[in-house]
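Each remark here refers to the structure printed beneath this line.
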Amino acid sequence: AIPPKNLSRFILNSLVPTESHRFRDASHSKQLWPIGTLLCILSFFGPTTFAVELPNHSDLEYFEKNVRPLLAKHCYQCHSKRAKDVQGGLLLDSRESWLEGGESGVSIVPGDLDASLLIRAVRYNDANLQMPPVKSLSTGEIAHLENWVRMGAPGPDDVDIAPLNEPSDPIAGKNHWAYRPIVPCAAPALNSQDTVASSPIDAFVQEGLDRKHLRPVRSAKPIELLRRVYFHLIGAPPLPEEVETFLHDESADAFELVVDRLLASPQFGERWGRHWLDLARYADSNGLDENFLFREAWRYRNWVFSQLNEDKPFDRFLLEQIAGDLLPYDSIDQRDQQRIAAGFLAIGPKVLLGNNEKNQRMEVADEQIDTIGRAVLGQTLGCARCHDHKFDPIPTADYYAIAGIFASTSVMEMRHMLGQQRLMERLVGLGAQGGSMDDAYEAYWREQPELKKKNTHASAALKALQQSTDEALAELLTANKEGLSELASDPKEPLEKRIASQQAFVEKLTAKLDNAPKIPPRAMSPMDVDKPSDEHIRMSGQFDRLGELVPRGGLKVLIDEQPISIQEQESGRIAFARWLTDRNNRAAHLVARVQANRIWHHLMGVGIVRTVDNFGRTGEAPTHPELLDHLAQQLIDSDWSIKSLVRKVVLSRTYMRSSSFDSDNQAIEPDNRYLWRAHRRRLDPESFRDAMLSAAGRLDLKPMESTVSYLGDQATAVGANKVRRRTDFLCRSVYLPVIRNDLPEIFQVFDFADPQTTTGNRSKTIVPTQGLFLLNDTMVMDAAESIARRILAEVDINDVDRKIDRMFDWILNAVASDGERESMRIFFRQISDQQSSDSPGHRELYALAMACHALFASSRFQFLE
């Protein structure tokens with residue numbers, strides 16, 4: 001293990017060219033900065049650790065959807081803890097077991113198909129090793145296992161994943177903790193004599209600490225707490241003057257006032273709206289086979305932001321997204337906002353080409369059911385499409401009860417796209433004249449090919465008339481009559497009059513072609529089909545193999561008495577959405593638990609239920625079940641107010657705790673599940689970018705509308721389309737284009753949510769590519785240079801300490817220590833000596849920009865304490 005400073009020197013001596021690359025010249029051409037010097041600066045701010053936390057969300061998603069059901073169906077009878085006689089000493093019901101293997105050897109070697117005995121067995125290539133023994137798996141099943149091993153054989157750690165007997169029984173399933181009604185529980189009385197609980201939250205947490213013999217660490221320092229709450233509530237750092245005001249405010253409610261101001265800020269809705277967009281699989285394009293642009297998706301995005309700023313009750317927030325297009329309204333604006341909200345159902349990815357219409361209808365419904373199941377209920381409903389759920393109390397009949405509701409909903413329509421009529425996302429006109437404007441727009445493009453043809457004939461007819469002979473006129477009348485005006489086609493009229501009439505006819509057609517209507521204000525929105533109906537169970541999930549007809553409804557495990565009442569002529573979306581949030585039933589209690597857990601997850605770093613999208617049997621149990629129920633009940637009792645619950649959590653002592661280390665606690669409980677300290681967390685890519693632009697004085701806080709309006713119908717730069725999405729906007733990062741299959745580079749590198757699916761817990765990786773991005777990205781270098789120019793415009797060129805103060809103030813919200821200050825002075829002197837031939841102003845700009853760049857790359861900037 002090489003000490004950090006020596007490591008930097010080693011890298012410098014080994015890899016960096018002897019000739020130093022120079023800073024950008026006056027023409028602003030980009031040149032490489034001296035990497036070795038930058039690494040040396042970074043060493044002053046602590047060691048850099050490169051590690052990967054696996055598996056990530058998408059890998060676990062693949063396991064849950066494609067591998068777990070396969071293992072349950074073909075393997076667990078002989079290779080699980082519940083098997084009567086475990087064959088070959090091989091268990092496949094936990095990640096630890098399948099990595100360990102059995103009597104024949106290692107069953108799975110992550111990433112290596114040939115070395116994995118399981119893969120050799122299912123391929124049937126070895127006569128002595130063939131599994132399952134009775135009948136081989138299908139080609140598709142084997143491919144799923146092979147893909148899974150290539151991924152590294154991901155799976156949940158330390159969880160028994162074998163199925164129970166009759167796991168899909170909804171009556172027996174009611175006993176699972178997530179499906180039970182909330183039982184109000186008073187905050188516990190504490191035994192700890194030296195602990196004061198400021199809220200019921202602290203009492204519940206302290207009880208868990210006492211039970212584990214843990215002592216909470218100190219409270220966070222004021223600047224740590226301020227920076228934390230700013231990023232958590234609005235996704236950006238405090239300004240220097242805001243830091244100064246807070247640190248000098250000695251009143252007892254100083255922090256409370258900050259919290260209330262942040263909750264009232266427009267940036268709150270943007271920050272917390274982005275959390276919801278992760279769940280709603282928001283994107284500005286379709287993705288999949290035809291990555292067409294979702295030109296109007298931004299309206300849904302901005303609706304989410306505005307509703308969270310208004311603190312719309314969460315039950316109404318859900319209702320409008322599931323059934324907004326069906327709800328009554330008092331004004332055109334309210335109607336339009338509700339239609340925009342229902343875009344939640346339309347914004348998912350869809351296979352557009354070569355898909356049977358009936359199959360596509362079921363595929364779209366499945367994607368919507370899976371999204372609502374994970375985002376709202378914390379359930380893997382999609383697993384019950386082909387068979388009864390292998391682990392949770394969701395029979396296939398319940399899946400198709402919900403499928404009937406969404407299969408009775410249309411989110412597609414024939415529209416003009418790339419010069420032809422295609423089945424695309426459904427759009428509706430907005431405003432009082434929106435419907436007629438939308439009809440006129442689509443009619444123009446629908447009729448344009450015929451109009452062009454008619455105009456060509458009319459021009460030919462005009463030319464024939466102008467050069468007419470009796471023979472030409474006769475031929476014109478029989479062969480090209482559709483291109484003639486009424487008067488021009490009458491041979492009894494004088495030729496001059498006929499020519500004038502035809503000329504006017506051609507001009508009219510040309511003007512109509514040349515005056516295509518502008519794209520009207522529209523929104524993505526669903527509608528009920530003409531004849532809503534119940535759905536048949538699809539045998540093995542195949543759309544054309546019909547089984548029993550199932551009445552539309554909900555999950556039996558969450559229904560105690562009366563089923564959901566759905567009228568024959570309705571899809572049932574309104575009834576379904578109201579059932580989800582009716583505080584008198586189990587469904588609403590589960591919804592409240594899931595949402596309360598998400599709020600806790602975003603504020604504390606880890607959910608009370610760590611598997612935030614899975615509250616089923618294969619998810620993790622809550623560490624503090626009484627606290628979870630308390631928070632869920634608080635959410636319901638506050639009329640489903642998100643802001644109210646956020647406020648309660650951030651004003652608790654638990655939230656205000658430091659992230660400092662304690663060796664005694666670490667020895668007892670290293671995972672910090674019981675919250676003896678705060679979790680140290682890296683900034684997400686949006687906050688990271690916004691913080692850099694804010695420090696540079698360049699962040700534009702004005703809300704944005706579309707940031708993809710300049711793109712063509714194809715969202716990606718493929719084929720003849722050479723236009724690619726832009727990322728040079730100075731807006732907040734939540735407004736940057738989210739093109740499926742072409743995310744902004746900073747999003748790709750720093751674990752942005754996968755826009756193809758619901759993501760409640762983003763992947764968290766620390767990998768070398770992130771360091772390389774920070775070293776070489778133009779935006780990072782520009783931000784560093786902008787800060788340097790700001791400092792030089794404000795501070796005397798010879799006042800080194802003042803320059804260091806401004807750097808630390810703007811970038812880290814911190815004061816440089818004596819050691820850091822001396823390190824910076826040494827660095828500035830070295831740069832000055834190396835660049836002695838440059839003008840003093842250029843030397844100072846170069847050195848300051850380098851130092852700012854280093855601070856951006858430091859852990860102190862990237863991580864919240």
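When Lys and Arg each count +1 and Asp and Glu each count -1, what net charge do the other residues less than 15 Å away from residue 798, Cβ to Cβ, add up to?
Every neighbour counted, the sum reads 0.
Starting from 0.36 nm per residue, how many nanometres of slack lie between residue 542 and residue 839 once their C-alpha separation is accounted for?
99.6 nm
Could you go through the stretch 377-386 in sequence order and give the Karplus-derived ³J(HN,Hα) for each residue, using 6.51 cos²θ - 1.76 cosθ + 1.60 with θ = phi - 60°, rounded to whole Hz, and x for Gly and Pro?
9, x, 10, 8, 5, x, 5, 9, 5, 9
With every protein chain left in place and a probe of 1.4 Å, what is the accessible surface of residue 399, to the nearest 10 Å²?
Here the residue's solvent-accessible area equals roughly 10 Å².
Distance check, please: which entries in 350/643; 454/492; 643/764; 65/722; 350/390; 212/556 exceed 29 angstrom between their Cα atoms?
Listed pairs above 29 Å: 350/643; 65/722; 212/556.
Short version: ³J(HN,Hα) in whole Hz for each residue of the stretch 698-710, in order, from phi by Karplus 6.51 cos²θ - 1.76 cosθ + 1.60 (θ = phi - 60°), x for Gly and Pro, what are they?
Residue by residue, the stretch 698-710 yields 10, 6, 9, 8, 5, x, 10, 8, 6, 10, 10, 5, 7 Hz.
Where a Cα-Cα gap under 12 Å defines reach, which aspartates and glutamates qualify for residue 453, not counting those fewer than 8 residues away within the same chain?
Leaving aside aspartates and glutamates fewer than 8 places away in the same chain, those within reach of residue 453 are 482.
Amide H neighbours of residue 412 under 5 Å, counting only residues 5+ apart in sequence or on other chains, H built in-plane at 1.01 Å?
The list, which skips near neighbours in sequence, is 426.
Using mean Cβ contacts within 10 Å as the protection proxy, how do 666-673, 857-864 order, highest first?
857-864, 666-673
Report the normalised scattering of the stretch 576-665 as log10 I(q)/I(0) at q = 0.10, 0.18, 0.21, 0.23 Å⁻¹, calculated by the Debye formula with identical scatterers on the alpha carbons.
-0.28, -0.82, -1.05, -1.21
Take the Cα pairs of the stretch 491-574, get the Kirkwood Rh, then feed it into Stokes-Einstein at 37 °C and 0.692 mPa s and tell me D in µm²/s.
Estimated diffusion coefficient is 169 µm²/s.
Tell me, in nm to one decimal, what length is gained between residue 510 and residue 671 on full extension, where the rule is 0.36 nm per residue of separation less the Cα-Cα distance?
50.8 nm
Order these peptides, 332-342, 843-853, by their mean beta-carbon neighbour count within 10 angstrom, highest first.
Ranking, from highest mean packing down: 843-853, 332-342.
Give the residues of the stretch 738-775 whose amide nitrogen is closer than 18 Å to a point set 7 Å from the Cα of residue 718 in the direction of its Cβ.
It comes to 738-744, 755-757, nothing else.
Take the Cα atoms of the stretch 349-464, find their three principal axes, and give me the spread along each one in whole Å, biggest first.
Dimensions of the stretch 349-464 along the principal axes of its Cα atoms: 77, 36, 18 Å.
Suppose every K and R has +1 on its Cβ and every D and E has -1 on its Cβ; what is the size of the dipole of the stretch 651-773 about the Cα centre, in Debye to the nearest 20?
About 180 debye.
Please compute the net charge surrounding residue 510, taking Lys and Arg as +1 and Asp and Glu as -1 over other residues with Cβ under 13 Å from its Cβ.
+2
May I ask for the distance between the Cα centers of the stretch 76-95 and the stretch 557-588, given as a whole number of Å?
40 Å
Taking 2.2 N^0.38 Å as the expected size of a compact globular protein, what ratio does the Cα radius of gyration of the stretch 789-828 give against it, to two decimals?
1.08
Please list 3J(HN,Hα) in residue order for the stretch 138-150, calculated via the Karplus relation 6.51 cos²θ - 1.76 cosθ + 1.60 where θ = phi - 60°; whole Hz, with x for glycine and proline.
Listing the rounded values in order: 6, 4, x, 5, 5, 4, 4, 5, 5, 4, 5, 5, 4 Hz.
Give me the base-10 log of I(q)/I(0) for the stretch 628-727 at each q in 0.10, 0.15, 0.24 Å⁻¹, Debye formula, one uniform scatterer per Cα, rounded to two decimals.
Listed by q, the Debye log ratios stand at -0.62, -0.94, -1.20.
Mind checking which lysines have their Cα closer than 23 Å to the Cα of residue 452? Skip sequence neighbours fewer than 8 apart in that chain.
463, 481, 508, 512, 518
On the principal axes of its Cα set, how long, how wide and how thick is the stretch 102-158? Give whole Å, largest value first.
That gives 31, 27, 21 Å along the principal axes, largest extent first.
Which of the aspartates and glutamates could a cross-linker bridge to residue 312, judged by Cα under 15 Å and excluding same-chain residues fewer than eight apart?
Here the aspartates and glutamates satisfying the reach criterion relative to residue 312 are 270, 320, 637, 639.
Considering only protein heavy atoms, with the full assembly of protein chains and a 1.4 angstrom probe, order 71, 423, 451 by accessible area, largest first.
Order by accessible area, largest first: 423, 451, 71.
List every residue whose amide H lies under 5 Å from the amide H of residue 681, counting only residues 5 or more places away in sequence or on a different chain, with H placed 1.01 Å from N in the peptide plane.
So residue 681 has HN proximity to 864.
Non-local amide H neighbours of residue 739 (under 5 Å, H modeled in plane, Pro and chain starts lacking H): which ones?
So residue 739 has HN proximity to 284.
Given 10 Å bins starting at zero, what is the percent of C-alpha pairs of the stretch 321-385 in each, up to the one with the largest pair distance?
Spelled out per bin, shortest first, that is 20, 38, 31, 11, 0.
At 20 °C and 1.002 mPa s, grab the translational diffusion coefficient of the stretch 744-852 from Stokes-Einstein with a Kirkwood Rh over Cα pairs, rounded to a whole number in µm² per second.
134 µm²/s
Å³ per residue of the Cα convex hull, for the stretch 617-681?
126 Å³
The values are calculated or read from the model by the stated rules, or taken from the named source; none is laboratory data. Source: prediction; values computed, not measured. Using ideal geometry, Cβ is built from the backbone for each residue, glycine included, and neighbour counts are taken over all protein chains shown. Surface accessibility is based on the protein's heavy atoms, side chains included, excluding ligands, DNA and RNA. Shrake-Rupley method; radii C 1.70, N 1.55, O 1.52, S 1.80 Å.
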